[in-house]
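Participant: Here it is: the structure, laid out below.
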Amino acid sequence: MFWQTTRFRIDLARPRVMGIVNVTPDSFSDGGRLGDAAAALRHCEQLLAEGADILDIGGESSRPGAAPVPLAEELARVLPVVQGALGFGVPLSVDTVKPEVMRRALELGADIVNDIGALLAPGALEAVAAFPRAGVCLMHMRGDPATMQQRPAYDDVVAEVADFLAGRLQVLRAAGVDDERIVLDPGIGFGKTVEHNLELLRRQPELLALGRPLLLGWSRKSTLGAVTGRAVGERLAGSIAAALAAARQGAAVLRVHDVAATVDALKVWGAAGLLPVPESPATRGAIR
Ligand code: 9MG
């Protein structure tokens, strides 16, 4: 399967690694290291040197309880990094829920919108639909980052996530967005308990029936802390294990902080024959 994006048609015959670029002073992962565009661009180059296939640039933290960032501030954080990273020659994703950020980033030439709100914000669907080749990742979230971890409840988390994603897929199709532009994400940690997240991992193949590639973000998430007893800065091994499990269960894109370790782990599992086999040697590895 392929993911059509503004400049690239990404071959997903092997799992792709999406490196996280947080341009947020309060980022839970880098503690403000990437507070300016130059530092963020250096981080982009580092992730690419480590083997990232896609960069996901975001200016608003989505961790539970995070404060919203005003539009002007988010634009000021994200756009200079997108502008500077366009020359790196890899697909650029913009992690945002704001239609104006989507529009301005796509106008600059960004390739993908990664929306944890699944284009539900007024104007978001229109913003993406207006760019006929832009890729999009639609993520499931119950509630919003401010409230989502307040006793989330499901009868069947996998079925409910699948229903939601199937509904959003229909809405995008009706708006004229081609299937090939769309990737789906069950939203690990977004309005889900530890058990919900683990159930989504165990039963992830059921989501493949939606017919679109899956993107999974397990990196450093609190469920890994619950399983291992580790603080956020000590979750590398847990993150790699979860990424491998997700890839083994059919994930096409892995959103990660620790690119080098994830790339190595995927190479070893690929060599061991533990990952899905590429469709054809001719297209293997191509991002064009
Ligand atoms: C922005 N962001 C944080 N976690 C994420 C996840 O799991 N998936 C996607 N698509 N985006 C995420």
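The values are calculated or read from the model by the stated rules, or taken from the named source; none is laboratory data. Small disclaimer: the values here were computed from a predicted structure and weren't measured. Don't worry about glycine lacking a Cβ; one is built from the backbone with ideal geometry, like all the others, and counts go over all protein chains shown. We work out accessible area using only protein heavy atoms, side chains counted, and drop any ligands, DNA or RNA first. Shrake-Rupley method; radii C 1.70, N 1.55, O 1.52, S 1.80 Å.
Participant: Regarding the stretch 108-117, can at least one residue be identified that is crowded, with 21+ Cβ neighbours inside 10 Å, away from the ligand (no atom under 12 Å from the Cβ), hydrophobic (A, V, I, L, M, F, W, C) and touching a residue at least 60 places away in the same chain (Cβ under 8 Å)?
Facilitator: Within the stretch 108-117, one or more residues are crowded, with 21+ Cβ neighbours inside 10 Å, away from the ligand (no atom under 12 Å from the Cβ), hydrophobic (A, V, I, L, M, F, W, C) and touching a residue at least 60 places away in the same chain (Cβ under 8 Å).
Participant: May I ask you to list the residues in the stretch 46-77 that are in contact with a Leu (Cβ under 8 Å, 6 or more places away or on another chain) and surrounded by fewer than 21 Cβ atoms within 10 Å (Cβ to Cβ)?
Facilitator: Listed by number, the list holds a single entry, Leu48.
Participant: Residues being in contact with a helix residue (DSSP H, G or I) (Cβ under 8 Å, 6 or more places away or on another chain), surrounded by 18 or more Cβ atoms within 10 Å (Cβ to Cβ) and in a loop (DSSP other than H, G, I, E, B): count how many of those fall in the stretch 126-157. Walk me through it before giving the result.
Facilitator: If we filter the stretch 126-157 for residues that are in contact with a helix residue (DSSP H, G or I) (Cβ under 8 Å, 6 or more places away or on another chain), which is where we start, we get 126-131, 133-136, 138, 140, 152, 154, 157.
Retained after the next criterion (residues that are surrounded by 18 or more Cβ atoms within 10 Å (Cβ to Cβ)): 127-128, 131, 134-136, 138, 140, 157.
Filter once more, so that each one left must be in a loop (DSSP other than H, G, I, E, B): 131, 134, 140.
Of the residues in the stretch 126-157, 3 are in contact with a helix residue (DSSP H, G or I) (Cβ under 8 Å, 6 or more places away or on another chain), surrounded by 18 or more Cβ atoms within 10 Å (Cβ to Cβ) and in a loop (DSSP other than H, G, I, E, B).
Participant: Being open to solvent by 30 Å² or more (accessible area, probe 1.4 Å), under 17 Å from Val97 (Cβ atoms) and within 15 Å of the ligand (Cβ to nearest atom), is that true of even one residue in the stretch 158-171? Let's see the steps before the verdict.
Facilitator: So in the stretch 158-171, the residues open to solvent by 30 Å² or more (accessible area, probe 1.4 Å) come out as 159-160, 163-164, 166-167, 170-171.
Checking which are under 17 Å from Val97 (Cβ atoms) leaves us with 164, 171.
Next cut, within 15 Å of the ligand (Cβ to nearest atom) only: 164.
Yes, some residue in the stretch 158-171 is open to solvent by 30 Å² or more (accessible area, probe 1.4 Å), under 17 Å from Val97 (Cβ atoms) and within 15 Å of the ligand (Cβ to nearest atom).
Participant: Kindly provide the set of residues from the stretch 173-188 that are out of contact with any Ser or Thr (no Cβ under 9 Å at 6 or more places or on another chain), within 12 Å of the ligand (Cβ to nearest atom) and either among the β-branched types (Val, Ile, Thr) or in a helix (DSSP H, G or I) (or both), ordered by number.
Facilitator: Val183
Participant: For the stretch 55-70, check the following and say yes or no: at least one residue is within 15 Å of Val256 (Cβ to Cβ) and touching a residue at least 60 places away in the same chain (Cβ under 8 Å). Step through it out loud before you land on a result.
Facilitator: Residues of the stretch 55-70 that are within 15 Å of Val256 (Cβ to Cβ), as a first pass: 55-58.
Imposing the further condition that a residue be touching a residue at least 60 places away in the same chain (Cβ under 8 Å) reduces the set to 56.
Yes; the residues of the stretch 55-70 include at least one that is within 15 Å of Val256 (Cβ to Cβ) and touching a residue at least 60 places away in the same chain (Cβ under 8 Å).
Participant: Search the stretch 78-102 for residues being within 27 Å of Lys221 (Cβ to Cβ) and either within 11 Å of the ligand (Cβ to nearest atom) or out of contact with any helix residue (DSSP H, G or I) (no Cβ under 8 Å at 6 or more places or on another chain) (or both), and hand back the single one that is most open to solvent (accessible area, probe 1.4 Å).
Facilitator: Per the criteria, the residue is Val97.
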